[in-house]
Each structure stands twice: as C-alpha cells, then as structure tokens.
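Student: This is the structure I have questions about; it appears just below.
The values are calculated or read from the model by the stated rules, or taken from the named source; none is laboratory data. Because the structure is a prediction, the values reported are computed rather than measured. As a convention, Cβ positions derive from the backbone with ideal geometry for all residues, glycine included, and neighbour counts pool all protein chains shown.
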Amino acid sequence: MISFSHAYKVFPNGYQGLRNVSFEIEKGEFVFLSGPSGAGKTTLFRLISGFDRPSSGEVNVLGTDVSSLTSSAIPYFRRRIGVIYQDFRLLRDRTVFENVAMPLMVRGDRHLAIERRVREVLEQVGLSFRLSNFPDEISGGEQQRVAIARALIHHPGVLVADEPTGNLDQDMSNEIFKLLEMVNAQGTTVFVATHDADLIRRKPYRVVRIHEGEVSA
Amino acid sequence: MNQLMSQHLFRAWRKHWALQVASVTIMTMVLMMLNFLFLGYSAFNGTIEHWGRGLEMTVYLKDGAPDWALEKLEKSMRTSREFDEVHFTGKSEATKKFLTALGPESLDLLADPKWKSPIPASLDAKLSDKVATSSRVQVMEGWSAKLKANEYVEDVFYGQGWVENFASFLGGARGLVVLFWALSLSVGLMIVSNCIRLSFLQRRDEIEVLELVGATSRFIRMPYIFEGVVLGLVASLCSLALSYGMHALLLNWLAGKWSFWVALQALSPLEPWSVMVNLVSGVAFGALGAWNCVRRINTGWSAAAG
C-alpha cells in the first residue's frame, strides 16, 4: 500500500529532510508516525500525498511510483489520497457543505450525487446539522471533523493525517481519534503523525519512528 | 464549470470588493491612456491629411511641342482619377503673367521683336483629395517619372524637397506613435498584471486547498481567468464611457476658446476600430494578467509550501 525504499529528500539548501528511509505499510493498517518537531514527519507525508518528490530512492503509494508522476498526473493521484492537516485547511468563505463537497466537484461529479455523498459523510462524522455553517461558526473539533469528512468523501485508499489533534483539547482529540479508528475499521489505511507519546502508548498500533530524517520501524 | 465560474466571480466580488474596485480603477486608467493615445493618433492623422491636401504639379513643356501632343498629355492627366484639376497655360499667357508679376514696365519687352520669352507653356494639375495620404508622394513621383519620359516635356516640378521631407516626417511620426502605443501597452499590462496579482495573492489559500483535493490546473485557473476577463471588460467599458465624456467636455471647452476648425475637426470621437481595440485590450489585459498571476501560484505544489 505504502512503501519507502532507500528514499532521500535533499532540499535546495543542502538540508537532508529524509535519509535512506525504508519501510512498508500494508493495506488496512493503522500506523503512527512519531518523532520530535523537525524530524521529517511532514516531509515524509508530503512524499506520500504527492506534494513533493524524493531526491532519490523509491516511494510507492497505492501502486504508483511518486517520483515518476508527471505534473498532469499528480491531481489524479491526489484524488486517491485523503490528507488531514493540523490547521484544517478549510476555506473560510465556503460552507461546511461546499468545503466537504470540493473533492467531488473537482472530479466533476453530478450535483445530486455530490449532495447525497456529502450528507452521508457528514452523518458519519456527526456534523449533518452543520451543513450550511461557515468554518468560523463552528468549534475547532468540528472544523477538524469537516476536514476529515473532506478527506474521506472520495473513498481514498490511504488517509494521512499530519498532527490532526495538535490544535485540539483532550476530549476533542479523543473524539477525532475515534473517528480515525472508525475509518480504519472500514478498510482505509490510516497513517497518523503525532508526537503525543501518551496516545501512542495507549493504542495497540504499529509505530514508525523518525529522528533527524532517519526512520526506525 | 459555468456555474462554478459564476460562483467564483460572485464570491470574489463579495469578499474582495475593495481589491476588485482597485483593479478596475487602475485598468480603467491604463485603458483611458490608450483611448487618449488613439484620439491623439486620430488628431495627428487628421492634421497630416490636412497638410497633405492641395499638392500641385507643374509640367513645363518644350517650345514647339505640337498641339496634338499637348492635348494627349492633358487628356491622360485629366482622365486619370489622381488629379482633380488640370489647367493648360500657353507660352504667351505664361509670359504675360510672369512679366506682370515683375512690374507693368516689364510688359514693354513684349513689344520688342528681338526678345525671345524664356517662359515655357505648362500644365498645372492638382492632386485629388481622394488619393490616400500615405500614397500621395508615390503618386507624384510616379507621374513625374512618366511625364519626364515624354519627349515634349521639359521638366516637372511638384515641390520635391518639401514632399520628400513631408514623407519622411510622416513615417517618423507614425513610427513614434506606434512605439509609444506599444510601450504604453506593455507598461499597462505590467501594472494590470501586478494589480490582479495582489488581488489573487489574497486568495492563495483557495488555490492551495484546490490543489490539495486534486483539482487540475485547468479547473483551478479557468475561474480566475474568467474573473480577469470580467475585470478587463468592466474596466474597458468604464474607460470608454469616461473617454467619451472627457472628449465631449474638451470639445466644448475648445469650441468656447477657439473656433479653430482644424483642431475641432481633428478631435473626432473614438473611431469604431479603436473602440474594438480598447475592448479587446481590456479583455486581453484581464485574461493575460490573471493567467500570468494564477500560473505562478498554481504550481501544483503550493499546498506543500503552505
């Protein structure tokens, strides 16, 4: 499902973001990515979600070699991945419905199909009553649930979440985490970056540790 | 896609109305500059047309040229559409005119049987106003060469020096106008592009999120280009309305100050072709400015950079 083989990422200023990274994640797995700030978690996620290319080595996601993606193929690759960020990345001037519907709109789905699927996924994350609210009118936890709904709406094979609970209090974090576990139970591979050691200890999932760009699975 | 583009446009105007108004204002000013350049160009052309009118040619004939040859020559000039008037002046009439111009006492020479008049007979022709300004010099030169080849023609005079200077001035001045127009166009495009860019940079997050969810470049760029086209069209219409208003005010003011007809005639309103150029420039400014800006933000990797 996700495999890194001797992957390196060297930035133009010479800084090595990732060094000889090799690991694999199987279909349907729930895996934590753990490491201190600046260890390379975000760089690794960028490679998985097609927002960057490795300098050398191989990164394979859903059977696609990310380093060989052409510019025109990248959007279609991204449509198969769900990405959640710590800062939610919602558009403030669009309603919850419009934010969640976006992946289907860019795909050119019919309006009726979009409406049905948005209602379904918002029901799943417990926000069906927030359809016409704007992001600024709902809480942080609800905003993150909207971001999760947007990441799930197109049935991605892989869901990557970069510190999804970083901006939330403990109760909200637990709620979001339960949601991610539910998504995983439905068969989606989930890869979550976190530096919450407590959370990692409490859960029975595999942990990929990263430190100064090097991975120890 | 059409619905998405109109929604995008509505949202852009509702949320960033101040930036949109600023963009339209700047584009209107740039397009008004172009309008006044067109007006200036038309005025310049009108003045040049006026100066170029009334070009005349004098064909001096050899002594002893037979009547039939003169008639043939006169007929060939008269029947050509390039001359409005052709007038024959016989040797004695020309001499009389010349001597009268010198002074009445000079007319005594006519009574002197030994005096032989050096003044030749001539044909005077006025170039038709229907001949385009740009080809007047060529027509005169063509006729001059043709007439000089005639065995009964002594010389042809049409103010060659003045006409040649006029032609080179015309070429130079037109070149300057075109150069100035091209410069204004490039500067205008730069200003408009930067203005739209400022407006678009405020919405960088929107482009990032669209990239994040897998939107293609076409999907991301089209609404922005449409927005640019609408901005350009609105600015173009505003600039035309303002230019017409200012032109009318200027004419009123000029008419009150001077009734100098040449200036008033030269300051004709914008011609249909310049209105078209203005509209096309407005739309092109908007579309190119928007495209130039959005392609810099929509690199495919902007979400990663955020």
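Student: For the stretch A:43-64, how many residues are surrounded by 20 or more Cβ atoms within 10 Å (Cβ to Cβ) and either within 13 Å of chain B (Cβ to nearest Cβ) or among the charged types (D, E, K, R) (or both)?
Tutor: So the count comes out to 10.
Student: Scan the stretch A:84-98 residue by residue and report those that are touching a residue at least 24 places away in the same chain (Cβ under 8 Å), at the interface with chain B (Cβ under 10 Å from one of its Cβ atoms) and more than 16 Å from the chain's Cα centre (by Cα).
Tutor: Across the stretch A:84-98, the qualifying residues are A:L91, A:R92, A:D93, A:R94.
Student: Suppose we filter A:P103, A:P75 for residues that are under 20 Å from the mean Cα position of the chain (by Cα) and over 15 Å from A:L152 (Cα atoms); which single one remains?
Tutor: A:P75
Student: Please pick out the residue among A:S37, A:S22 that is polar (S, T, N, Q), surrounded by fewer than 16 Cβ atoms within 10 Å (Cβ to Cβ) and closer than 21 Å to A:P164 by Cβ.
Tutor: Within the list A:S37, A:S22, the selection yields A:S37.
Student: Pick out the one residue from B:L123, B:L189, B:L183 that is touching a Leu at 6+ places or on another chain (Cβ under 8 Å) and either assigned by TED's automatic domain parsing to the domain that holds B:L73 or surrounded by fewer than 16 Cβ atoms within 10 Å (Cβ to Cβ) (or both). Give the steps one after another, and end with the answer.
Tutor: Values: B:L189 fails: either assigned by TED's automatic domain parsing to the domain that holds B:L73 or surrounded by fewer than 16 Cβ atoms within 10 Å (Cβ to Cβ) (or both); B:L183 fails: touching a Leu at 6+ places or on another chain (Cβ under 8 Å).
On inspection, the qualifying residue turns out to be B:L123.
Student: Is it the case that some residue within the stretch A:15-22 is modelled with pLDDT under 90 and within 10 Å of chain B (Cβ to nearest Cβ)?
Tutor: Looking through the stretch A:15-22, none of the residues is modelled with pLDDT under 90 and within 10 Å of chain B (Cβ to nearest Cβ).
Student: When residues of the stretch B:69-114 are filtered for being more than 26 Å from B:K126 (Cβ to Cβ), surrounded by 11 or more Cβ atoms within 10 Å (Cβ to Cβ) and of a type in the set (A, V, I, L, M, F, W, C), how many remain?
Tutor: 3
Student: Right, here's the next one. Filter the stretch B:195-242 down to the residues that are more than 14 Å from chain A (Cβ to nearest Cβ) and without any contact (Cβ under 8 Å) to a residue 60 or more places away in the chain, then identify the one that is nearest to A:I81 (Cα to Cα).
Tutor: Among those residues, the one meeting the criterion is B:L233.
Student: Taking the stretch B:194-234, which residues are more than 41 Å from the chain's Cα centre (by Cα), part of a helix (DSSP H, G or I) and among the basic types (K, R)?
Tutor: B:R204
Student: So which residues in the stretch A:65-79 are more than 8 Å from chain B (Cβ to nearest Cβ), out of contact with any strand residue (DSSP E or B) (no Cβ under 8 Å at 6 or more places or on another chain) and crowded, with 16+ Cβ neighbours inside 10 Å?
Tutor: Hit for the stretch A:65-79 is A:L69, nothing else.
Student: Would you point out which residue out of A:G157, A:G141, A:G126, A:G166 is at positive phi and of a type outside the set (V, I, T)?
Tutor: A:G126
Student: Does A:P135 count as within 14 Å of chain B (Cβ to nearest Cβ), out of contact with any strand residue (DSSP E or B) (no Cβ under 8 Å at 6 or more places or on another chain) and either at pLDDT below 90 or closer than 30 Å to A:Y76 by Cα (or both)?
Tutor: yes
Student: Please work out if A:G50 is under 20 Å from the mean Cα position of the chain (by Cα), under 25 Å from A:G187 (Cα atoms) and assigned to a loop (DSSP other than H, G, I, E, B).
Tutor: Yes, satisfied.
Student: So, in the stretch A:99-121, of the ones that are basic (K, R), away from chain B (no Cβ under 11 Å) and assigned to a helix (DSSP H, G or I), which residue ends up farthest from A:A161 (Cα to Cα)? So that I can check it myself, show each step before the final result.
Tutor: First pass over the stretch A:99-121, keeping only residues basic (K, R): A:107, A:110, A:116-117, A:119.
From what is left, the residues that are away from chain B (no Cβ under 11 Å) are A:110, A:116-117, A:119.
In the following step, the residues that additionally are assigned to a helix (DSSP H, G or I) were identified as A:116-117, A:119.
Values: A:R116: 25, A:R117: 22, A:R119: 22 Å.
Among those that are basic (K, R), away from chain B (no Cβ under 11 Å) and assigned to a helix (DSSP H, G or I), it is A:R116.
Student: Follow-up question, since we're still on this one. Going by the structure shown, is A:G108 within 26 Å of B:K15 (Cα to Cα) and without any contact (Cβ under 8 Å) to a residue 24 or more places away in the chain?
Tutor: The answer is yes for A:G108.
Student: Would you confirm whether any residue within the stretch B:103-116 is in the same structural domain as B:L61 (by TED's automatic domain parsing) and either within 36 Å of the chain's Cα centre (by Cα) or among the basic types (K, R) (or both)?
Tutor: yes
Student: In the stretch A:53-87, which residue that is touching a Phe, Trp or Tyr at 6+ places or on another chain (Cβ under 9 Å) and in a strand (DSSP E or B) is nearest to A:L180 (Cα to Cα)?
Tutor: A:V83
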